[in-house]
Amino acid sequence: MDILYNSEGIPLMMSSDIAFYDTKVDRAASDERRRVLFPYDDTRHDYIVVGEERVLAWGRDNLFPTKAAEIVRTTTVLNTGLRFLRNLTMGQGIFACRVKGYNDKGDEILEPIDDNNIQRFVSSRIVRRYMEKTLRDFLKVGCSAVQLVPNAAGNGIIGLNTINSEHFRFTEPSDALGSQNCVVSGSWDLSPSSYTVLPLLNDYSPENHAELLRFMGKLKQGMVYPVRDSWSNDDIYGEPIWWPAYVAGWVDIAHLVPQFLKKAYKNQTTWKWHVQIPYSYWDKKFPAADFKNDPELRKTAINKYMDEIERNLLGAQNAEKPIFTNYAVNEMNGRIEEEWKITPLSNKYSAGQENLVTSAAANSEILFALMVNPNVLGAGMPGGSYAGNQGGSNIREAFLVNIANSWIDRQNLLDPLQLYLQLNGVPDDVQLRYRNTILTTLDTGAGTSHQLS
């Protein structure tokens with residue numbers, strides 16, 4: 001018997017050669033089981049000792065980044081939604097400028113920097129790679145660690161390297177100022193034997209902390225700038241934006257519905273005919289005595305005959321086509337013993353459409369957790385609870401709202417770049433801004449316009 005379980009070990013559906021079942025879940029009991037099996041401590045911070053460092057575990061088994069990345073990778077709408085947020089936050093790249101003042105609307109008046117070295121740097125692959133990888137971990141797991149790579153002399157910074165979230169962990173704060181280190185290792189399944197310890201910049205004032213490290217001559221070893229969102233109140237690792245949708249169970253539903261439907265269609269809706277053949281039929285159609293020397297030939301003949309019957313029952317070319325069978329009556333008792341019975345099976349499985357609606361609702365709830373309007377990604381539910389206005393204006397306005405909401409994430413992403421420029425002697429008045437492509441109405445004469453932010 002093939003049984004489909006949910007993540008709590010509850011049988012949702014069972015299928016065998018002779019039967020098909022599904023399970024009606026008691027929602028109240030299910031919620032209680034979920035609280036027991038999946039308590040809200042997946043991101044709690046026990047500690048492990050690595051050398052002289054007390055490293056705070058990321059999740060109950062210190063493998064939260066690995067498991068979170070797997071959840072994202074296997075959940076279609078979550079993976080697409082986070083990728084959309086990454087691309088939207090990056091915009092069309094950044095440029096360096098000076099703020100010369102403000103116009104009557106309060107918008108900044110920007111003056112481009114004429115230093116080719118700075119402009120070349122902000123449009124380089126180093127910056128593009130930094131932004132893409134930092135946003136990847138920031139959105140997937142809630143925290144990113146950016147290594148500021150020093151030059152050989154230790155008096156300047158030559159690059160930005162985002163450490164993969166699967167490879168870094170933070171130590172326990174060691175004093176009132178919250179001093180911490182970042183421990184980097186290739187594996188965290190167990191306490192690592194090979195690792196690197198880098199100073200973690202203070203969250204309160206990373207600029208002053210970096211200057212202090214330079215004054216103390218410790219810049220040569222490099223440093224790590226943490227990029228995280230404080231909304232979760234987790235000062236260590238932060239929390240991914242999609243986590244509430246997982247805790248509420250919507251991610252599980254998004255996984256289970258396609259699995260359920262796949263098994264349902266495979267084991268239930270593909271049945272069309274029930275053909276009943278009496279055993280005595282084969283004794284007359286293919287007498288065993290005729291195949292006494294080679295029984296395998298009898299099996300081959302029966303298989304060929306059944307294939308012909310099956311081809312006559314199935315296929316578009318056989319629609320409405322009759323099938324003729326013969327049967328005999330037992331002369332001793334008058335019973336029909338060789339009659340074939342071919343009965344069309346009615347598909348009584350009716351939960352498929354309901355599950356599709358449930359799946360659409362799960363997709364919408366996950367996108368709501370990401371603060372992405374489902375209509376932007378074409379995920380609106382026509383005629384459903386979230387249908388609303390799905391026209392171009394609705395999509396355009398939702399996209400503009402996403403850009404407006406991305407301001408704080410964009411600033412968090414720019415902070416390490418600003419520190420990079422500061423440590424390399426770039427004047428403080430040099431600012432970094434984003435380029436955006438803005439959707440417009442067709443009556444403006446163009447489908448898009450370009451703006452700076």
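The values are calculated or read from the model by the stated rules, or taken from the named source; none is laboratory data. Note that this is a predicted model, so its numbers are computed, not measured. FYI the Cβ positions are ideal-geometry reconstructions off the backbone, even for glycines, and counts take in every protein chain you see. Remember, those area values only see protein heavy atoms, side chains included, never the ligands or the DNA or RNA. Shrake-Rupley method; radii C 1.70, N 1.55, O 1.52, S 1.80 Å.
The calculated P(r) of the stretch 183-298, using every Cα pair and 5 Å bins from 0, goes 2, 8, 8, 7, 8, 8, 7, 6, 5, 5, 4, 4, 4, 4, 4, 4, 3, 3, 2, 1, 0 in percent. Accessible surface of V149, taken over heavy atoms with a 1.4 Å probe and every protein chain present, rounds to 50 Å².
Considering only P244, W188, L219, the residue lying farthest towards the positive end of the dipole of the stretch 181-250 is L219, judged by Cα position with unit charges set on Cβ.
Each Cα pair under 8 Å and six or more residues apart adds its separation to the average, and for the stretch 113-192 the resulting relative contact order is 19 percent.
Length gained on full extension, R298 to N394: 27.7 nm, using 0.36 nm per residue less the C-alpha separation. On the principal axes of its alpha carbon atoms, the stretch 85-147 extends 41, 30, 19 Å, with the longest extent given first.
Between R311 and K262, the FRET efficiency from the beta-carbon distance, with R0 = 22 Å, is close to 0.25.
Extending 7 Å from Cα along the Cβ direction at N164 and again at K284 yields two label points whose distance is 7.0 nm. Heavy-atom accessible surface of D290, to the nearest 10 Å², is about 110 Å², with a 1.4 Å probe and all protein chains retained. Think of each Lys and Arg Cβ as +1 and each Asp and Glu Cβ as -1; about the Cα centre, that makes the dipole of the stretch 185-310 roughly 660 debye.
The fraction of all Cα pairs in the stretch 135-208 landing in successive 5 Å bins from 0 to the largest distance is 3, 13, 20, 24, 22, 13, 4, 0, given as whole percents.
The simple spin-label model puts a point 7 Å past each Cα toward its Cβ; for F368 and I109 those points are separated by 4.6 nm.
What is the gain in length, in nm to one decimal, between S174 and E70 on full extension, counting 0.36 nm per residue of separation less the C-alpha to C-alpha distance? Gain on stretching S174 to E70: 34.2 nm.
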